[in-house]
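All remarks here apply to the structure that follows.
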Ligand code: DGL
């Protein structure tokens, strides 16, 4: 199995931004980061061998995510973005509060929930928010908790709807089929039934931007959709401006490297669906230390 270079012993002065996801979905976030920030080197890691995370327990998602973050640090990433909502919901807080200081002081891990929440605070008119996500993200209650904490008192109600079928529909390339419309319509109707006053909906899963056409068809008019890719990319740009100490550690060659824990050929064929371009991937194993 081929491996990328090990930097664990001699941390480089500069390294790529790590973008982690349970599989392919984070490519929708990576795509927007590349558009907003063409200069930084990016290192994408998809844990395709263990995807999906959305139906897994807290402990398992935390352990898998921590392993991936450690791996990306060992590759020299000064900053890792958890592009996966489930990982952001179930692992980010523990990693930031318990692990980071011990495993990699001075490095940073950010997620996709806080940027989405801050965006909601700016766009909601009446404070009624809906969240669509995986069962794991929804049951973690991360969005309601973070909206309460970071939306500056702008949010008066948050309701959520788990959409367990949407990820498999996307991964089977059923983006435009009547079956997909049926499930999308059903989940949106259920969400709106919980609070008909909703004016802002967070698409709280990496895969949902690929279903935007169907989502728009069934979402009542006037509702603002939070599409996380552009939001995360723009908030990351601000973050790097505000944190020159981190920005200085990021290498600026404009390259993107794709790593997967599954077969590279599988990743390459699916990546085209999420990224709109062909890529070359490398298979890596997270449980063994990378060798040079
Ligand atoms: N990337 C996950 C998320 O955003 C969806 C896929 C999965 O369940 O692993 O929640």
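Points to keep in mind about this one:
- Helix-only [θ]222 nm of the chain, DSSP H runs n ≥ 4, -39500 (n - 2.57) each, per residue, nearest 500: -12500 deg cm²/dmol
- GNM flexibility winner over the chain from 85, 94, 48 (Cα, springs under 10 Å): 94
- Quarter of Cα convex hull surface for the stretch 203-290, i.e. mean projection, nm²: 8.8 nm²
- Residue with peak Gaussian network fluctuation, the chain [Cα springs, cutoff 10 Å], from 137, 124, 278: 278
- Sites residue 148 and residue 263, calculated FRET efficiency, Cβ-Cβ separation with R0 45 Å, nearest 0.05: 0.60
- Each label was represented as a point 7 Å from its Cα along the Cα-to-Cβ direction; for residue 94 and residue 245 these points are 2.7 nm apart.
- Distance between the C-alpha centres of the stretch 89-154 and the stretch 264-278: 28 Å, rounded to the whole angstrom.
- Taking the empirical scaling 2.2 N^0.38 Å for compact globular proteins as reference, the stretch 181-222 has a Cα radius of gyration ratio of 1.09.
- Among 117, 156, 80, the largest mean-square fluctuation in a Gaussian network model of the chain (Cα springs under 10 Å) belongs to 156.
- Segment residue 279-residue 35, length gained on full extension (0.36 nm per residue, minus Cα span): 86.2 nm
- Cα extents of the stretch 135-292 along the three principal axes, largest first (Å): 55, 41, 28
- Viscosity 1.306 mPa s, temperature 10 °C, Stokes-Einstein D of the chain from Kirkwood C-alpha radius, µm²/s: 83 µm²/s
- Scattering curve values for the stretch 150-215, log₁₀ I(q)/I(0), Debye with Cα scatterers, q = 0.28 Å⁻¹: -1.31
- Per residue, the convex hull volume that the Cα atoms of the stretch 11-154 enclose (Å³): 114 Å³
- Counting every other Cβ atom within 10 Å of each residue's Cβ, 166, 182, 150 order from fewest to most as 182, 150, 166.
- For the pair residue 190 and residue 60, a Förster radius of 25 Å applied to the C-beta separation gives a FRET efficiency near 0.40, rounded to the nearest 0.05.
Throughout, read-outs are computed from the coordinates displayed, never taken from laboratory work. Just so you know, these numbers come straight off a predicted model, no measurement behind them. FYI the Cβ positions are ideal-geometry reconstructions off the backbone, even for glycines, and counts take in every protein chain you see.
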